[in-house]
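Novice: Got a structure for you, written out below as structure tokens; questions coming shortly.
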Amino acid sequence: MIAKYRVAVRALCDFTAREGDLDHRFTPAPSAREGIEGHTLVASRRGEGYLSELPLTGAFEGLTVTGRADGYDPVANRLEEVKTHRGSLERMAENQRALHWAQVKVYGALLCAERALEHINLTLVYLDIASGKETLLNQKATADELQRFFADQCERFLGWAEHEADHRQRRDNALQALRFPHATFRTGQRELAEDVYKAASTGRCLLAQAPTGIGKTIGTLFPMLTVMPRQQLDRIAFLTMKTPGRRLALDALATLRASLADDVLPLRVLELVAREKACEYPDRACHGESCPLAAGFYDRLPAARQAAVEQAWLDRDALRDVALAHDVCPYYLGQELARWADVIVGDVNHWFDSHALLHGLAQANDWRTAVLVDEAHNLVERARGMYSAELDQQRFNRVRRAAPKALSRPLGRLARQWQALFKDTSFKEAELEEEGEPRKPTYRLLTALPDKLVIAAQQVGAAITDHLGEHPEDASLELQEVLFEALAFCRLAERFGEHSLCDLTRYGRGRAVLGLRNLIPADFLAARFNAAHSVVLFSATLNPAHYYRDLLGLPENTVWREVASPFAARQLEVRIRSDISTRFRDRGASINPIVATMAQQYQRKPGHYLAFFSSFAYLEAALARFREAHPSVPVFSQTRGMPEAQREAFLARFSPSGEGIGFAVLGGAFAEGIDLPGDRLIGAFIATLGLPPFNDFNEALKARLTARFGQGDDYTYRIPGMIKVVQAAGRVIRSPEDQGVVVLMDDRFAQASVRALLPRWWSLGNPNF
Ligand code: SF4
């Protein structure tokens, strides 16, 4: 008998009752909200005394099985499992139906045991979301039959559960003995580790501003792993903004795994990779008739899963090797293993997005999860993107031209609603058709959601879903794309509120985009922070704390800590040119003094520098002037939409002992996330405050943030701008041995409110340099 293991009914059946092909071809699945409404509708149609969402628990040899049955009618002694669907039920795959029966049978066994019933009526209720029609599939079962079925499922799971319980025990024992893998902590690293340890031990969130070079990755992972057994954490998620950050986390985890004196730390580490990067057959669809790695996926999954957990180290390459050795899809094997890994390294969307895999699993399985977020200063913008959506008129029009007949009416209605919207928002055709002039996009902020257009988009979504349910052969890529666009837009429209705004941009006749733009991600993210045991957000720039607390919706008791820098003020000379204005109206006049300042510094100390500007136009003007005035100084420049190979060539120019100035745009590819230690970079010129452009959208954002937090100007302009400035300047000093200079060129850098946002370890020079 195993010591103790708890599993949800759904997870148990997913494990024991799935077989055959993986099938992710277009399935006309209702949205989560439709699903909830469908369940409520079914319950409302039942008689008095009907019990919905009935909690049930049972045990089998140390295994505890829990769940909530959808509904039970005690008078008819009927237990129901409700599934919402669209389109013909006949298209439902056999293995899907078998899974549903398995679930209702397990619930039936638990209910019979709990209420001492001798038999029960089991019903699968399939509710068609479009028509509201119920199809009932019934089975009578005795308590004995159901108990045997339950015992059979549990027995098939028991071996795995024992294995899991044993792994958990070994993992936790080993983590109790975990020691820091290096001889000493770097300056600031111990402080960071202690803060993470305390936050995770007390179940709080932590905002940790910690400078580059102190070893933040291992400085956060080590304490979190140490806390894991003490706080009975099920999972740790290490989440990054960009792919290179995942490598750093995996390297740190490899070091920690190898740090036990006599063994490898029994820790399962999984790297979650995006589908397009993990897919072996990009030209196929994800179902058994198209992709060989989807055919028979569930039949081969148990062996692949077993091999994967034995291997334990599952970065992208290792996971691919296991998957291909067992002829299963690496991407979907990764999704399965997210259920069984201890540490998961992946993109930040896996916890914070509306369909986040890890958050969904944590909710379904009641996990205690700790989340580490690297480069967290980017989370505000990333989260805004996660909760924003667009409807593209041109795309829908294109689909309409070739649409099957059944879709022409709803698509026609939508097209008419676009025209009505243009009328309502006073768009004049003249704005689009000035002869001989380039057509300029016209932009409007809408005061409310255009309800009729949203309803028309909903109807298009429902019509395409129903049509594809009946005619899956019509599922062209374009039709599926507009369907997902309509569904995503309508889902967000349902939650539209003060946290978002709606805007309309018209690029020309038949070319408009309706946007739902999230402004305050806090309203979506607050529940995500609460769902985790502890979240640690860390970055070199998390100042001021209230900006992140307010915009991310961090819990009240979140702790903010600034870790002392290992760098000394003498390493970095910071100068402010307060006699230069980089305001838009002053840009022409600013070029000469900017160029002179750069040349003067370069002559004083030749070497590699980066020069940052607010836009390509500004950059190009300064570059042209610099070339003209100082032709002997090597210069090179970032270009618009620079391909990856050219970006790499740009960085390769920063060779040790080399010389030259690289011109770049603030907030772009070279302003953060690049590492040029030693004399590969000895200085940065920053000719901008990094302020977002002054336009209708940003002014609306400012008004909204003023109304909510009383901080419109700072939250819209100053703080996001200074985060970019500090990130860019942070490229210069990467280690305690580095020496360098940062020249800030704008009079506003001398203002106390701006200087307060600069790193404290900087020693600011004379503002009149
Ligand atoms: S290999 Fe690609 S096409 Fe095949 S199931 Fe995986 S993701 Fe889908």
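The values are calculated or read from the model by the stated rules, or taken from the named source; none is laboratory data. Predicted model, so just to flag it, every value in this text is computed and none were measured. All Cβ positions, glycine included, derive from the backbone under ideal geometry; neighbour counts span all protein chains shown. Keep in mind that these areas ignore ligands, DNA and RNA; they rest on the heavy atoms of the full protein, side chains included. Shrake-Rupley method; radii C 1.70, N 1.55, O 1.52, S 1.80 Å.
Novice: Kindly indicate which of SER632, SER637 is polar (S, T, N, Q) and over 39 Å from the mean Cα position of the chain (by Cα).
Specialist: On the way: SER637 fails: over 39 Å from the mean Cα position of the chain (by Cα).
Step by step, each of SER632, SER637 is checked, and only SER632 is polar (S, T, N, Q) and over 39 Å from the mean Cα position of the chain (by Cα).
Novice: What about LEU270, is it buried (at least 21 other Cβ atoms within 10 Å of the Cβ) and aliphatic (A, V, I, L, M)? Reasoning before the result, please.
Specialist: Numbers: buried (at least 21 other Cβ atoms within 10 Å of the Cβ): yes; aliphatic (A, V, I, L, M): yes.
Yes; evaluated as a whole, the condition is true for this residue.
Novice: Next up: If we only count helices (runs of 4 or more DSSP H) wholly inside the stretch 207-313, which ones have 3 or more residues that are over 23 Å from the mean Cα position of the chain (by Cα)?
Specialist: Numbers: elements: 216-230, 243-257, 275-278, 297-311.
Once the helices (runs of 4 or more DSSP H) in the stretch 207-313 are filtered for at least 3 residues that are over 23 Å from the mean Cα position of the chain (by Cα), what remains is 216-230, 243-257, 297-311.
Novice: Got a sec? Which of LEU514, LEU504, LEU525 is touching a residue at least 24 places away in the same chain (Cβ under 8 Å) and within 17 Å of VAL348 (Cα to Cα)?
Specialist: One residue alone meets the criteria, LEU525.
Residue-wise test of (1) open to solvent by 50 Å² or more (accessible area, probe 1.4 Å); (2) aliphatic (A, V, I, L, M); (3) under 18 Å from SER408 (Cα atoms).
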| residue | (1), (2), (3) |
| --- | --- |
| LYS452 | yes, no, yes |
| GLN459 | yes, no, yes |
| GLY469 | no, no, yes |
| GLN480 | no, no, yes |
| ALA493 | no, yes, no |
| GLY510 | no, no, yes |
| LEU514 | no, yes, no |
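Novice: How many residues, within the stretch 96-148, are more than 30 Å from GLN459 (Cα to Cα) and either out of contact with any strand residue (DSSP E or B) (no Cβ under 8 Å at 6 or more places or on another chain) or open to solvent by 70 Å² or more (accessible area, probe 1.4 Å) (or both)?
Specialist: Initial filter on the stretch 96-148 (more than 30 Å from GLN459 (Cα to Cα)): 98-99, 101-123, 138-148.
From what's left, either out of contact with any strand residue (DSSP E or B) (no Cβ under 8 Å at 6 or more places or on another chain) or open to solvent by 70 Å² or more (accessible area, probe 1.4 Å) (or both): 98-99, 102, 113-119, 138, 140, 144-145, 147-148.
Summing the residues that are more than 30 Å from GLN459 (Cα to Cα) and either out of contact with any strand residue (DSSP E or B) (no Cβ under 8 Å at 6 or more places or on another chain) or open to solvent by 70 Å² or more (accessible area, probe 1.4 Å) (or both) in the stretch 96-148 gives 16.
Novice: Residues to consider are ASP374, ASP315; find the one that is surrounded by fewer than 20 Cβ atoms within 10 Å (Cβ to Cβ), closer than 21 Å to ALA252 by Cα and in contact (Cβ under 8 Å) with a residue 60 or more places away in the chain.
Specialist: Details: ASP374 fails: surrounded by fewer than 20 Cβ atoms within 10 Å (Cβ to Cβ).
Answer to the selection: ASP315.
Novice: For the stretch 236-248, check the following and say yes or no: at least one residue is hydroxyl-bearing (Ser, Thr, Tyr) and open to solvent by less than 30 Å² (accessible area, probe 1.4 Å).
Specialist: As a first pass, look at the stretch 236-248 and keep what is hydroxyl-bearing (Ser, Thr, Tyr): 240, 243.
Going one step further and asking which of them are open to solvent by less than 30 Å² (accessible area, probe 1.4 Å), we end up with 240.
The answer is yes, given that some residue of the stretch 236-248 is hydroxyl-bearing (Ser, Thr, Tyr) and open to solvent by less than 30 Å² (accessible area, probe 1.4 Å).
Novice: I've got another one for you. Report yes if ALA303 is within 16 Å of the ligand (Cβ to nearest atom), hydrophobic (A, V, I, L, M, F, W, C) and open to solvent by 30 Å² or more (accessible area, probe 1.4 Å), otherwise no. Before the answer, list the steps.
Specialist: On the way: within 16 Å of the ligand (Cβ to nearest atom): no; hydrophobic (A, V, I, L, M, F, W, C): yes; open to solvent by 30 Å² or more (accessible area, probe 1.4 Å): yes.
In short, no.
Novice: On to the next question. Between residues in the stretch 567-586 that are hydrophobic (A, V, I, L, M, F, W, C) and residues that are part of a helix (DSSP H, G or I) and open to solvent by 20 Å² or more (accessible area, probe 1.4 Å), which pairs lie under 7 Å by C-beta distance while being six or more apart or on different chains?
Specialist: ILE576/ALA750; ILE580/PRO593; ILE580/ASP747
Novice: Which one is modelled with the lowest pLDDT, of the residues in the stretch 234-289 that are of a type in the set (Lys, Arg), over 20 Å from GLU310 (Cβ atoms) and more than 16 Å from the ligand (Cβ to nearest atom)? Explain how you work it out, then say what you get.
Specialist: Applying the first criterion (of a type in the set (Lys, Arg)) to the stretch 234-289 yields 235, 242, 246-247, 257, 268, 275, 277, 284.
If we keep only those that are over 20 Å from GLU310 (Cβ atoms) as well, we get 242, 246-247, 275, 277, 284.
Okay, now just the ones that are also more than 16 Å from the ligand (Cβ to nearest atom), so 242, 246-247.
Numbers: LYS242: 86, ARG246: 93, ARG247: 92.
The extreme case among them is LYS242.
Novice: Do we have GLU620 as open to solvent by 50 Å² or more (accessible area, probe 1.4 Å) and not in a helix (DSSP H, G or I) here? If you could, list the steps in order and put the result at the bottom.
Specialist: On the way: open to solvent by 50 Å² or more (accessible area, probe 1.4 Å): yes; not in a helix (DSSP H, G or I): no.
Considered against the rule, which asks whether it is open to solvent by 50 Å² or more (accessible area, probe 1.4 Å) and not in a helix (DSSP H, G or I), GLU620 comes out as no.
Novice: For the stretch 466-510, which positions are more than 25 Å from the chain's Cα centre (by Cα), of a type outside the set (A, V, I, L, M, F, W, C) and closer than 24 Å to GLU699 by Cα?
Specialist: Correct list: THR505, ARG506, TYR507.
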